[in-house]
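The values are calculated or read from the model by the stated rules, or taken from the named source; none is laboratory data. From a predicted model like this one, the values you see are computed outputs, not experimental measurements. Cβ sites come from the backbone with ideal geometry, for glycine too, and all protein chains shown count toward neighbours. The protein model used for the area step is the full one, side chains on, heavy atoms only, and it has no ligands, DNA or RNA in it. Shrake-Rupley method; radii C 1.70, N 1.55, O 1.52, S 1.80 Å.
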Amino acid sequence: MNGTNKKAICFYFQVHQPFRLKRYRFFDLGHDHYYYDDFTNESIMRKVAEKCYLPANELILDLILKNKGKFKITFSLTGLVINQFRLYAPEVLDSFKRLAETGMVEFLAETNSHSLASLKTKNEFEYQVNAHKEMLREFLGVEPSSFRNTELIYSDQIGSWVADMGFKSILTEGAKHVLGWKSPNFLYCNSINPRLKVLLRNFVLSDDIAFRFSNRNWSEWPLTADKYAAWLNKLAPKSELINVFLDYETFGEHNSRETGIFDFLAHLPGTILKKTPFRFMTPTEVADNLQPVSAISVTSPISWADEERDITAWHGNELQAAALDKLYDLADKVRRCEDKQISKDWEYLQASDHFYYMATKFFSDGAVHAYFNPYETPYDAFMNYMNVLSDFEIRVNRFIPDIKEQTEIGKLNALIREKELIIDQQLAELNELKHSAGKIKPKASAPVKKEPKSTAKKPVKRKSSRTAK
């Protein structure tokens, strides 16, 4: 492939599991500082590991070996899911290490907590990205060079931060309201810092696999590798880059093995290589080999969630806004806190899933939200989270008292010291006056006391003698 003949297809899978919270009542505040539902977290991880992660990783490793350097794939593993692998499914982490060792898999950097920090604070965002890079080095032995933000959230500003951190490319949604007449099937660049390449998801081809594959009412059911390759061929004359971005749980969890999803995946790479002009590339390879056609302007954050492709899945109502504000108001204090458990809880409480559960969406989006939601209502999710967050705040304040309160207390203490100094000075002056008064008392006071007695009668006598005269 050289010159204008370069046509790339990028397959990317998101891998994430949050640490779900247990039911935490108001009366638990100040007493119970453990917030997690260990049984549920372990049960879900074991189930998804057996249905998806282990069989899918085994299949992908087999495909990489069979296609001898021609099949390449991309993953993002959140710091939270890596920690869950370590706790509940270490064999899954081992299987990802084997994929990393092939050299055919790229692992992307992201926020360690799968958080919404990019919407609230640059400092926390950068801190988490660096923490995640450390996780990838330690547990997978890889150095990430491309980036994906939580749920593909992206804006011009976020992209410029990512570029400043040295990444070559970033993944996001090919949102219609951003693209207009433009096609997602080309490489773009960030409008503030053009060095950052922007890969846009083809949501039609992605959702054909993620959401429509097992839908028997779909006009294109059943979807086969040959049919998918034919669609790619139709796009080829007017496309340079096809980005298919999915949740990894698409394979075996959202679509069970019985739907034929693993058979589809097994045949897809070979069919694409044989029947289309597209070749598999990772995001970093795309950035190195393709030229962007133009900058893409995204003034307000977009994501791959819901019909709107915006951030309303996590920041669309007053409950979510209040919870996010309260959480990130604690950011500076937490970073000054040197307690390991506080740091771990801070990491787990930032997961975007907690805010997703508070969404008040309806229709098709509402059904998707309900599928992932362990709470009966968004209000239940909000109350449970805020109870946990309130207890967390109490603990943080024990380590780092509130700055405003400390400032006021400091002012009052200074005022009290000032008043005490004035009182001390006045007492000293009073004592000095008393001491001075004590020195002149013997001369002045004795005659004053005796004279009235001796002179009381004399004036009477004088007055009578004068009047007599």
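Table for the structure above
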read-out: Accessible carbon and sulfur surface of segment 120-264 relative to its total accessible area, %, 1.4 Å; value: 49 percent
read-out: Computed magnitude of the charge dipole of the chain (debye, nearest 20; Cβ of K, R +1, Cβ of D, E -1); value: 4240 debye
read-out: Distant-in-sequence amide H partners of Ser169 (H built 1.01 Å from N, under 5 Å); value: Phe147, Lys197
read-out: Anisotropy class of segment 139-190 from Cα gyration tensor, a/c 1.5 cut; value: prolate
read-out: Asp38 versus Glu138: modelled label distance in nm, points set 7 Å from Cα along the beta carbon direction; value: 2.0 nm
read-out: Segment 33-94: trypsin sites (Lys or Arg not before Pro) in DSSP loop, at most 15 other beta carbons within 10 Å; value: Lys68, Lys70
read-out: Theoretical gain in end-to-end length, Gln425 to Asp164 [0.36 nm per residue, Cα-Cα removed]; value: 88.0 nm
read-out: Radius 11 Å from Cβ of Cys337, net charge of other residues (Lys, Arg +1; Asp, Glu -1); value: +2
read-out: Residue-normalised accessible area of the chain, given per residue in Å² at a 1.4 Å probe; value: 50 Å²
read-out: Per-residue HN-Hα couplings for segment 102-116 [Karplus 6.51, -1.76, 1.60; θ = phi - 60°; Hz; x = Gly/Pro]; value: 6, x, 9, 10, 9, 10, 8, 7, 6, 6, 4, 9, 6, 9, 9
read-out: Above-threshold pairs, the threshold being 26 Å between Cα atoms, out of Lys333/Lys411; Lys22/Lys361; Lys168/Lys344; Lys133/Lys182; Lys7/Lys72; value: Lys168/Lys344; Lys133/Lys182
read-out: Alpha-carbon centroids, segment 314-366 and segment 1-56: separation in whole Å; value: 16 Å
read-out: Three-way shape label, the chain, alpha-carbon gyration tensor, a/c 1.5; value: prolate
read-out: DSSP beta bridges in the chain [antiparallel fraction, %, rounded to 5]; value: 15 percent
read-out: Simple spin-label estimate for Ser256 and Arg23 in nanometres, 7 Å along Cα-Cβ; value: 2.9 nm
read-out: Expected 222 nm ellipticity per residue - DSSP helices of 4 or more, -39500 (n - 2.57), all of the chain, to 500; value: -16500 deg cm²/dmol
read-out: Segment 145-269: antiparallel DSSP beta bridges as a percent of all, rounded to 5; value: 20 percent
read-out: FRET efficiency, Arg46 to Lys68 (Cβ-Cβ, R0 22 Å, nearest 0.05); value: 0.05
read-out: Cut-off of 10 Å, at most 12 other beta carbons, DSSP loop: longest stretch of the chain lacking such chymotrypsin sites (Phe, Trp or Tyr not before Pro); value: 182-361
read-out: For segment 123-270, Kirkwood radius (reciprocal of mean inverse C-alpha pair distance, Å); value: 17.3 Å
read-out: Percent RCO, i.e. relative contact order, over segment 204-335, from Cα pairs under 8 Å lying at least 6 residues apart; value: 20 percent
read-out: Stretch gain in nm, segment Asp380-Glu101, where the contour uses 0.36 nm per residue and the Cα spacing is subtracted; value: 96.0 nm
read-out: Net lengthening on full extension, Gln291/Ser436 (0.36 nm per residue, minus Cα-Cα); value: 42.7 nm
read-out: Candidate aspartates and glutamates - alpha carbon under 15 Å from Lys274, same-chain residues fewer than 8 apart omitted; value: Asp226
read-out: Among Ala428, His114, Met135 - extreme Cα towards positive end, dipole of the chain, charges at beta-carbon; value: Ala428
read-out: Projected label distance in nm at Arg212 and Trp181, using a 7 Å step from Cα toward the beta-carbon; value: 2.6 nm
read-out: Segment 202-321: C-alpha gyration tensor shape, a/c 1.5 cut-off, then a/b vs b/c; value: oblate
